[in-house]
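Structure record follows, encoded as structure tokens.
The values are calculated or read from the model by the stated rules, or taken from the named source; none is laboratory data. Source: prediction; values computed, not measured. Note that we place each Cβ from the backbone using ideal geometry, even for glycine, and neighbour counts take in every protein chain shown. Only protein heavy atoms, including side chains, enter the accessible area calculation; ligands, DNA and RNA are left aside. Shrake-Rupley method; radii C 1.70, N 1.55, O 1.52, S 1.80 Å.
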Amino acid sequence: QNEEKWDFVLVSDIHEMGSEKEIKRKKFLDELSKKGFTIKKIEDTKLFYGVRAPQQIFRKYQCLMGNPDRRLQNQSSPQGIPVTTRIRIVHFILHNTVTPDFEKLQDLMKKKVFEAAFPLHEKEELTEYLNQKWACWRGVFSQQPIEKIRCYFGEKVALYFAWLGWYTCLLGFAALFGVVTFVAGITIFSSSQVSREICEANTTIMCPLCDKCSFWVLSEACTYAKVTHMIDNEATVVFAMFMAIWATVFLELWKRQRATVVTDWDLYGWDEEEEELAMQLINNLQHEPRLYQHSYFRNTIVLLLVLLMIVVFIGIAHALVIYRVIAMAFFSQSSLKLLRERADVIAVMSGAVLHYITIVIMTKINRRVALFLCDLEKPRTFSQRENNFTMKIFTFQFFTNFSSLIYIAFFLGRINGHPGHYVRIAGRWRLEECHPSGCITDLFIQMAIIMVLKQSISNAMEYFSPWIRYKLRKKHKRPKKRSVMLGEEEEAEDPCKAQWLSNYELNEVNIFSLFNEFLEMTIQYSFTTIFVAAFPLAPLLAFLNNLLEIHLDAKKMMKLYRRMVPRKANDIGIWLQVLEAIGILAVIGNGLVIAITSDFIPVQVYKYMYSHCAKENRTDVDCSTGYINHSLSVFHIQNFEPDTLPNITRHETKECRYRDYRNADDYTYTVQFWHIFAARLAFLILFEHVALCVKLIAAWYIPDVPQKVKNHLLHRKHTDLRRELSMMEYSTEV
């Protein structure tokens, strides 16, 4: 015996007879009845209303849209229209039905007339298949059943999982290259001449790293130097170039994959606007379309508010800088030896954890602000609203995640002044300076901590938070079935009741649920590409995370959340433009990291202009020999600012060294500084132009649409035109 099929379930509290809420609920249900909807009521601790649309609504849809779902009909629904399309149409009508009081379902839900409205997770063969083969850990390395996901959740969700699977697959190649680069750094470059010179510099006295700190010997930084040159080497430059090309190839191959998939689904030329107009007319034949509008005044206000938010993010980045400066001063004066000796590293690590906490907090604020700005713009359709929201929230999240990294990569150690003339915060605390072996390790530590925390804590919260909420909702005791009337036998349990209750116990689906998943992945993609030169293991972490992410998302959608309203789509929307923008930022970011953050350029300038190799042709000496001594400037102790040196070391030495290219007498920049500056600029221009040219060539070389798809579309157009011409000639003859 087949259970009754219901398209949607509305849930309401049990209101008093004659109350305002009860009257509003009755008016809304009466409007649905006028449209031919079948409504079934079940009473428990709440009132449940099953809603089923009449067949004529779907016939109208097929007539207007030319039966776009013919490929899905056989496997989804005996009534001749897929379940996903039924749910989508019913959802649209429910949310656009207006009561005599000019209230829609959304208004009634705000006024607590209805508590929830959701489609049902059906107990059917398709559900069982997805639960057993997809939403389980056994399927981690198996191919996703994209066609079945489409039949159950609709095209938009299916395209998300198709994109995520494709991204993860190609991420495997980037992860492999990243691991090779990192291993090469450990085995070959950690014993480089530069790090060896630092480890052997037992007599090089360095200037104090903070006020009242003691002088120190350069060889103390031996371990730090080895770690730095493990990341900062020639292999990293090659890897950064590879990642710029990889980002382009990934997107071009995805465009081809998407074209193949949507052609198989018969959606290549699908028009979202046409479908929305069709559903508006099915719901109300007198409907007039809402016209496109553009307001320069409103857009100016939104732009100014976005700029204000960006200023806030820059302020947060400054606050993190101030924290690191104060933490460095505090740790270096600590009574604990470990804190004193590793004050700089601990300040960086604690700063990274604080940065992660600000990301978590600002993510919630960013969402509210972006929604407010979208409401100001008054978008015409849901898709337009979603696109506007996407651009704003991504911009906000990008600055939230990367403002601190941008400071470390491009400003740390470059705006702090020099001994005797330090830049100070509030005239008291010195700005941080780079380690003698370079700033890239600070960037490496910051990225590693943020990525590990984001992918462990955030993912755990993302899964366990709805899991705990679901278990708590399920634990609430349901009162036993009451007798309908005193003295009457208890009526038989309705077969729909258990199913509706179990679906109601699941977590509510947010309208932007899928959006959140896309946003998480694009931010991860940014980490994986933009500063990958400083953190070659980023693709590996992303790859491992995504293997889990696919199946955590599947389990959440199938077992923890109510069924998502299926939405039709033939691409991933504005996210493709976002990913392309990230690809360009990746070229600029990596070029800047190698040119500015890395010591790659200063070492090359030294090798070819100032080393023994530049003066005489010697093969027995490494060309970078003497680089460290060359890169450290001399400062005379008597020129220190008063009250900044510890008393015990004031007269022990006459001069100390610091990382910069300045003259020993007047502390102005040397000729070497300007040579290196010019070389950095030249490399940046060359790297970015070469990388962008390679990206353009790759984009041209790999067509967006495969020949098979083009030929399929060509044959279809030809067949359709021939059929129309034949019908015209036949009607003329008759």
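Has the range 621-629 got at least one residue that is hydrophobic (A, V, I, L, M, F, W, C), open to solvent by less than 70 Å² (accessible area, probe 1.4 Å) and assigned to a loop (DSSP other than H, G, I, E, B)? Break it down stepwise before answering.
Applying the first criterion (hydrophobic (A, V, I, L, M, F, W, C)) to the range 621-629 yields 621, 623, 628.
If we keep only those that are open to solvent by less than 70 Å² (accessible area, probe 1.4 Å) too, we end up with 621, 623, 628.
Going one step further and asking which of them are assigned to a loop (DSSP other than H, G, I, E, B), we end up with 621, 623.
Yes; the residues of the range 621-629 include at least one that is hydrophobic (A, V, I, L, M, F, W, C), open to solvent by less than 70 Å² (accessible area, probe 1.4 Å) and assigned to a loop (DSSP other than H, G, I, E, B).
When the residues of the range 372-413 are narrowed to those that are under 30 Å from I440 (Cβ atoms) and in a loop (DSSP other than H, G, I, E, B), which ends up modelled with the highest pLDDT?
Out of the qualifying residues, it is F411.
I'm trying to understand the selection: among the residues of the range 361-381, which are open to solvent by 60 Å² or more (accessible area, probe 1.4 Å) and either under 19 Å from the mean Cα position of the chain (by Cα) or among the aromatic types (F, W, Y) (or both)?
Passing the criteria: I361, K364, I365, R367, R368, F372.
How many residues are aromatic (F, W, Y) and under 16 Å from A426 (Cβ atoms) if we restrict to the range 316-338?
Result for the range 316-338: 2.
Identify, by number, the condition in (1) buried (at least 20 other Cβ atoms within 10 Å of the Cβ); (2) in contact with a strand residue (DSSP E or B) (Cβ under 6 Å, 6 or more places away or on another chain); (3) of a type in the set (S, T, N, Q) that T528 doesn't meet.
It is condition (2) that T528 fails.
So which of K212, K226 is part of a loop (DSSP other than H, G, I, E, B) and modelled with pLDDT under 85?
K212
Name the residues in the range 531-544 that are within 16 Å of the chain's Cα centre (by Cα) and open to solvent by 10 Å² or more (accessible area, probe 1.4 Å), would you?
Across the range 531-544, the qualifying residues are L541, F543, L544.
Any residue in the range 107-118 that is open to solvent by 90 Å² or more (accessible area, probe 1.4 Å) and under 29 Å from the mean Cα position of the chain (by Cα)?
Scanning the range 107-118 turns up no residue that is open to solvent by 90 Å² or more (accessible area, probe 1.4 Å) and under 29 Å from the mean Cα position of the chain (by Cα).
Does A586 fit the bill of being crowded, with 20+ Cβ neighbours inside 10 Å and at pLDDT 85 or above? It would help to see each step written out before you state the result.
Values: crowded, with 20+ Cβ neighbours inside 10 Å: yes; at pLDDT 85 or above: yes.
The answer is yes for A586.
Please find, among L472, L506, L453, L486, the residue that is more than 20 Å from V11 (Cβ to Cβ) and modelled with pLDDT of 75 or more.
L453 is the lone residue from the list that is more than 20 Å from V11 (Cβ to Cβ) and modelled with pLDDT of 75 or more.
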